[in-house]
Amino acid sequence: MFKRKFFLKLGLEIIAIIIGISASFGISKISNERDKEIQRERVLNSILIESNDIKNYCDDRMKIWNQDIEIYNILLKDELNIEKLKKIAISKNRVEYNLLYYRDFDPPMNRYRSALNTGDLKYINSENIKESITRLHNLNYGKVVSTVDYEKKIIDLIIELITKEKPSLILNGNDLKINFDNYLKFLHKLIQENEKLKSNLTVQLKYFKTRISSLKIYMITLEELQYELERILKSN
């Protein structure tokens, strides 16, 4: 009788221990899942904030790059429309920058890079978001950057041509005695008379247009990412 009570008590204690361990594991699992959900929401919100910053950056780049195209279009035409050009470029420096410098493409990506380096991207379980992020920050980003790299090479040729054959253009840009209208006339005349310069500017114009096309694709992917982020965050 004593043994029976002992084994019954022992069995009940073992069952209680098993239930306790199971409950502990269950609570721990729920806690871990909750922590993952908190981290997931944090990462998604961070990427969404940065995507809005990228959108603003791209809008600004799109505006400026389209202006670059307009400036080249006007300068390459046989007849110079000074008033139209002055509505886009308000100073000699603006035109000179267009000719001698390239515009880089460096959208804000610190949050993404941080999540990549810390491994926080593992918290994202949406395949659509993962795929959009990969296309945005790798494939489409690389396409835009590659067009900028090509532009650098063309600009080096343009600078070499100007400094060798007509260095006075650079000097006129810094000469306060030469007004904007005369500077534009001088530049337009130089382009029309120098086939090498005109051909290089024509090639550069094509790269400008390719750059715009690549940026549009980049922005489409960005919109897809933003849509998925907002959809998932609203459903949480």
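Each value in this text was obtained by applying a stated rule to the coordinates, not by laboratory testing. From a predicted model like this one, the values you see are computed outputs, not experimental measurements. Here Cβ is always computed from backbone atoms with ideal geometry, including for glycine, and neighbour counts include all displayed protein chains.
Side notes on the structure shown:
- Rh (Kirkwood; distinct C-alpha pairs) - region 100-198, Å: 17.4 Å
- For region 49-145, size of Cβ-based charge dipole, Lys and Arg +1, Asp and Glu -1, in debye: 60 debye
- The chain - mean residue ellipticity at 222 nm from DSSP helices (-39,500 (n - 2.57) per run, n ≥ 4, rounded to 500): -29000 deg cm²/dmol
- Sequence-separation-based contact order of region 2-235, relative, with Cα cut under 8 Å and 6+ spacing, percent: 33 percent
- Debye-sum result for region 2-235 in log10 I(q)/I(0), which assumes one identical scatterer on each alpha carbon, at q = 0.08, 0.09, 0.10, 0.13 Å⁻¹: -0.49, -0.57, -0.65, -0.86
- Rg [Å, one decimal], Dmax [Å, integer] - region 157-212, C-alpha atoms: 12.4, 37
- The charge dipole of the chain, taken about its Cα centre with unit charges on the Cβ of Lys, Arg, Asp and Glu (plus for the first two, minus for the last two), comes to roughly 880 debye.
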